[in-house]
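The values are calculated or read from the model by the stated rules, or taken from the named source; none is laboratory data. The model shown is predicted, which means the values in this text are computed figures rather than measured ones. Using ideal geometry, Cβ is built from the backbone for each residue, glycine included, and neighbour counts are taken over all protein chains shown. In case anyone asks, the SASA skips ligands and DNA or RNA and just uses the protein heavy atoms, side chains included. Shrake-Rupley method; radii C 1.70, N 1.55, O 1.52, S 1.80 Å.
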Amino acid sequence: MRHFTSVAQLGDLNEAFKKAKHVKENPFADQKLGRNRTLLMIFFNSSLRTRLSTQKAAMNLGMNVMVLDVNQGAWKLETERGVVMDGDKPEHLLEAIPVMGCYCDMIGVRSFARFESREDDYNEKILNQFIEYSGKPVFSMEAATRHPLQTFADMITIEEYKKTEKPKIVMTWAPHPKALPQAVPNSFAEGINLTDYEFVITHPEGYELAPEFVGNARVEYDQDKALEGADFVYAKNWAAYSGENYGKVLSMDRSWTVDTRKMALTNNAYFMHCLPVRRNMIVTDDVIESPQSIVIPEAANRVVSAQTVIREILLGL
Ligand code: CP
């Protein structure tokens with residue numbers, strides 16, 4: 001593996017889960033693999049889990065790690081080609097990227113959707129420039145359309161907790177006061193569509209995801225109906241994708257909040273969320289604090305997913 005931008009690049013899922021299990025059980029077995037190798041982590045957006053888990057994963061592999069918050073302490077970057085740079089941005093991404101590539105062996109990039117242009121976001125303009133111009137392997141730490149390290153951790157967690165071969169997974173939209181990208185739900189849908197699990201996506205009308213991510217999932221607009229018999233409830237907010245509404249908040253309907261009544265409709269489902277989560281908007285206190293909530297083991301598996309992916313990239317260097 002050279003670049004990692006989508007869970008589809010994991011290849012055979014059973015093999016990927018086996019590698020993840022090996023990494024989880026033997027976190028320091030490959031300390032020599034990363035010796036004298038440097039990971040540069042670039043953040044255009046905030047992070048808690050991705051920052052810490054990816055750094056921990058790289059350190060477990062013996063790597064050196066450098067972290068750059070683009071918006072704190074670096075020169076402000078121009079990202080558009082052809083701009084007369086007479087404003088407040090003294091450096092262009094097209095020089096910054098190859099320069100960053102000179103200082104490391106691998107680059108992790110976090111660059112969210114900007115909601116200025118759906119075309120730019122869905123063409124992964126920033127991430128793809130790193131792939132094109134850095135000269136180094138690049139992996140996504142959440143880009144405009146996908147969050148594959150999160151999805152891989154989610155899938156590892158489902159593998160660990162599932163009680164049947166083909167669990168019913170329900171991904172439900174839930175309300176949030178601000179517009180959030182579709183990267184997590186897109187990526188989760190992409191990942192679950194690679195399995196033979198039963199998969200239902202539920203959301204209010206207007207929140208349809210891009211068809212290429214919905215894939216074979218059943219879309220159900222009645223949240224109660226969707227949740228019936230679920231083995232896993234994956235809650236997430238996202239802003240509208242469709243047409244002129246791209247990037248807009250269309251609803252803050254708190255009847256979509258995951259609460260105990262909703263969870264009672266399920267097959268004693270596990271509750272999942274990628275975090276950070278707004279309590280009593282997305283999920284009530286009692287659900288997230290219940291024994292069925294697996295948000296912490298899910299977050300813990302972020303180290304496993306990152307370490308499995310970075311290990312594969314190191315093996316290809
Ligand atoms: N789930 C996730 O990616 O968390 P952070 O935004 O804190 O990294």
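Compute the accessible area per residue over the stretch 21-117, keeping the other protein chains in place, probe 1.4 Å, unit Å². Walk me through the numbers on the way to the answer.
On the way: 5470 Å² over 97 residues.
For the stretch 21-117, the per-residue accessible area is 56 Å².
State, to one decimal in nm, how far the label point of residue 254 lies from the label point of residue 64, with both points 7 Å from Cα in the Cβ direction.
Placing both labels 7 Å along Cα→Cβ, they lie 5.2 nm apart.
For a quick check of understanding: with a 1.4 angstrom probe and all protein chains in place, what accessible area in square angstrom does residue 286 have, to the nearest ten?
About 80 Å², ignoring ligands and nucleic acids.
Sticking with the crude label model, points 7 Å out along Cα→Cβ, report the distance from residue 80 to residue 120 in nm, one decimal please.
The two pseudo-label positions are separated by 0.7 nm.
Only sites in a loop by DSSP and with at most 10 other Cβ atoms within 10 Å count here; which chymotrypsin sites (Phe, Trp or Tyr not before Pro) in the stretch 1-37 make the cut? Walk me through the numbers on the way to the answer.
Details: sites: 4, 17, 28; in loops: 28.
Counting only loop positions with at most 10 other Cβ atoms within 10 Å, the chymotrypsin sites (Phe, Trp or Tyr not before Pro) in the stretch 1-37 are 28.
What does the accessible area per residue of the stretch 269-317 come to in Å², with a 1.4 Å probe and no ligands, DNA or RNA counted? All intermediate terms of the calculation are to be shown ahead of the outcome.
Numbers: 1720 Å² over 49 residues.
In whole numbers, the stretch 269-317 has 35 Å² accessible per residue.
Provide 6, 255 ordered by accessible surface of protein heavy atoms (probe 1.4 Å), highest first.
On the way: 6 10, 255 70 Å².
Listed by decreasing accessible area, they come as 255, 6.
Using a probe radius of 1.4 Å on heavy atoms only, what accessible surface per residue do you get for the stretch 138-218? Whole Å² is fine. Each step should come with its number before you reach the end.
On the way: 2450 Å² over 81 residues.
In whole numbers, the stretch 138-218 has 30 Å² accessible per residue.
By the gyration tensor of its Cα atoms, with a ≥ b ≥ c the square roots of the eigenvalues, what is the shape of the chain: rounded for a/c under 1.5, prolate for a/b over b/c, or oblate? Don't skip to the answer; put the middle values down first.
On the way: a/c = 2.03, a/b = 1.30, b/c = 1.57.
Cα axes put the chain in the oblate bin.
P(r) of the stretch 184-317 in 5 Å steps, Cα pairs, percent per bin?
Pairs per bin, as whole percents: 2, 9, 17, 21, 21, 15, 8, 4, 2, 1, 0.
May I ask for the distance between the Cα centers of the stretch 118-148 and the stretch 1-64, given as a whole number of Å?
Answer, in whole Å: 17.
Can you give the FRET efficiency for residue 267 and residue 103, using 1/(1 + (r/R0)^6), R0 = 45 Å, r = Cβ-Cβ distance, to the nearest 0.05? Walk me through the intermediate numbers first.
Working: r = 50 Å, r/R0 = 1.12.
Here the calculated transfer efficiency is 0.35.
Measuring from label point to label point, each 7 Å out along Cα→Cβ, what is the residue 128 to residue 244 span in nm?
Label at residue 128, label at residue 244, 2.7 nm between them.
May I ask you to give the percent of accessible area on the stretch 1-127 that is carbon plus sulfur, with a probe radius of 1.4 Å? Write down the numbers at each step before the final one.
Values: 3430 of 7040 Å².
That fraction is 49 percent.
Over the heavy atoms of residue 163, what accessible area does a 1.4 Å probe trace out, to the nearest 10 Å²?
150
Roughly speaking, what is the stretch gain from residue 164 to residue 13, that is 0.36 nm per residue apart minus the C-alpha to C-alpha distance, in nm to one decimal? Could you put the intermediate results ahead of the total?
Values: separation 151, 0.36 × 151 = 54.36 nm, distance 1.71 nm.
Gain on stretching residue 164 to residue 13: 52.6 nm.
Can you give the extra length, in nm with one decimal, that the chain gains between residue 91 and residue 221 once fully stretched, where that is 0.36 nm per residue apart less the Cα-Cα distance? Please report the intermediate quantities before stating the final value.
Values: separation 130, 0.36 × 130 = 46.80 nm, distance 4.64 nm.
Result: 42.2 nm gained on full extension.
Once ligands and nucleic acids are excluded and a 1.4 Å probe is used, how much of residue 207 is accessible, expressed in Å² to the nearest 10?
About 0 Å², ignoring ligands and nucleic acids.
Computing the accessible area with a 1.4 Å probe over protein heavy atoms, can you report the carbon and sulfur percentage for the stretch 150-299?
Working: 2900 of 5950 Å².
It is 49 percent, rounded to a whole number.
Give 76/136; 168/262; 168/225; 163/225; 76/248; 21/166 a once-over and call out the pairs whose C-alpha atoms are over 18 Å from each other. Write out the running numbers ahead of the final one.
Numbers: 76/136 22 Å; 168/262 15 Å; 168/225 13 Å; 163/225 22 Å; 76/248 27 Å; 21/166 20 Å.
Distance filter (> 18 Å) returns 76/136; 163/225; 76/248; 21/166.
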